[in-house]
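Taking it in order: structure first as structure tokens, then the write-up.
The values are calculated or read from the model by the stated rules, or taken from the named source; none is laboratory data. It should be emphasised that the depicted structure is a prediction, and the values quoted were computed from it without experimental measurement. All Cβ positions, glycine included, derive from the backbone under ideal geometry; neighbour counts span all protein chains shown.
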Amino acid sequence: MNKALRRPVIAGNWKMNQTPAEAKALIEQMKPLVADADCDVVLCVPYVDLQAAMEAAEGSNIRIGAENCHWAQKGAFTGEVSAEMLKAMGVPYVIIGHSERRQYFGETDETVQKRVRAALDAGLTVILCVGEYLQQREQGITEEVVRLQTKIALGGVSAEELKRIIIAYEPVWAIGTGKTATAEQANEVNHAIRVCVGELYGKEAADALVVQYGGSMNAGNAKELLAQPDVDGGLIGGASLKAADFSVIVGAAS
Ligand code: PGA
């Protein structure tokens, strides 16, 4: 499985941070720092920042994404935003199934699958998050958990559509905790995800799949994580709010 076949993707996940004015200022700071990146650079931002972020990023190599989307095209879903609405804005990326959505907002494997379907139908590229809780790792069922999450989320996704899926392996115990998975742990699970996708779609599709690692990736540990054969990029939370740190991670992937 040749890593050189895949172009790394470094994606920021701003979570519930940055006003539109702050978003604009941060992107203006980042633009020159990541201009020479030899990887794809994406910033996933709160809905209210999307317009300002896209304007600030225009003409640069930074692409903008949302952090979630609903599965219906429109309707009585107070507080939700549809994939169609993101498409209408020209937003190319969306995160689906982040563990904070699963943990705090009742997201299940089934709702993740529905959101993935809607995002693909709208022509978006999906950053699909999977990952185990600490207790599951301690029980030795990490691979089973991650395989199940992957399989359910990809239910009904065609081989052609898979080209618009990025999978982010994010162990829940490593998110925002400063506890990064070791490079070996990250690679092992990323590899298991690739094997799982290979079983479903064949070797060529698995070889082409971008599998990111996420969970306390930062300027200090990015190089080692990104050097792993099955780690094709990162989904970066905290460190994506600092232009200098984020650009070091982008540099490490390039
Ligand atoms: P973190 O977040 O880098 O702050 O751990 C990663 C994520 O939740 O995507």
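Before moving on, here are some points about what is shown:
- Residue count for segment 79-107 satisfying the condition of being part of a helix (DSSP H, G or I), closer than 10 Å to Cys69 by Cα and among the charged types (D, E, K, R): 1.
- Taking the listed residues Arg102, Arg63, the one that is of a type in the set (Lys, Arg) and surrounded by 20 or more Cβ atoms within 10 Å (Cβ to Cβ) is Arg102, with no other qualifying.
- When Leu128, Leu120 are checked against the criterion of being within 16 Å of the ligand (Cβ to nearest atom) and aliphatic (A, V, I, L, M), Leu128 stands alone in meeting it.
- Looking across Tyr104, Tyr169, one residue alone is at pLDDT 95 or above, among the aromatic types (Phe, Trp, Tyr) and within 21 Å of Gly233 (Cβ to Cβ). It is Tyr169.
- Within segment 182-204, not a single residue is farther than 20 Å from Val45 by Cα and within 12 Å of the ligand (Cβ to nearest atom).
- Filtering segment 45-53 for residues that are closer than 27 Å to Glu170 by Cα, part of a loop (DSSP other than H, G, I, E, B) and not aromatic (Phe, Trp, Tyr) leaves a non-empty set.
- Summed over segment 54-72, residues that are outside any loop (DSSP other than H, G, I, E, B) and within 17 Å of Lys114 (Cβ to Cβ) total 2.
- A single entry from Leu235, Leu225 fulfils the requirement of being crowded, with 24+ Cβ neighbours inside 10 Å, within 16 Å of the ligand (Cβ to nearest atom) and either part of a helix (DSSP H, G or I) or among the β-branched types (Val, Ile, Thr) (or both): Leu225.
- Qualifying residue in segment 136-156 (condition: in contact with a Lys or Arg (Cβ under 8 Å, 6 or more places away or on another chain) and either within 29 Å of Asn187 (Cα to Cα) or part of a helix (DSSP H, G or I) (or both)): yes
- You will find that of Gly155, Gly220, the residue that is farther than 21 Å from Val112 by Cβ and away from the ligand (no atom under 11 Å from the Cβ) is Gly220 and no other.
- Looking only at residues in segment 159-180 that are assigned to a helix (DSSP H, G or I) and within 12 Å of the ligand (Cβ to nearest atom), the one that is surrounded by the most Cβ atoms within 10 Å (Cβ to Cβ) is Ala174.
- Residue check, Gln149 more than 21 Å from Glu110 (Cα to Cα), modelled with pLDDT of 95 or more and buried (at least 17 other Cβ atoms within 10 Å of the Cβ): no
- Segment 1-44, residues that are part of a helix (DSSP H, G or I), in contact (Cβ under 8 Å) with a residue 40 or more places away in the chain and surrounded by fewer than 18 Cβ atoms within 10 Å (Cβ to Cβ): Lys3, Leu5, Gln29, Leu33
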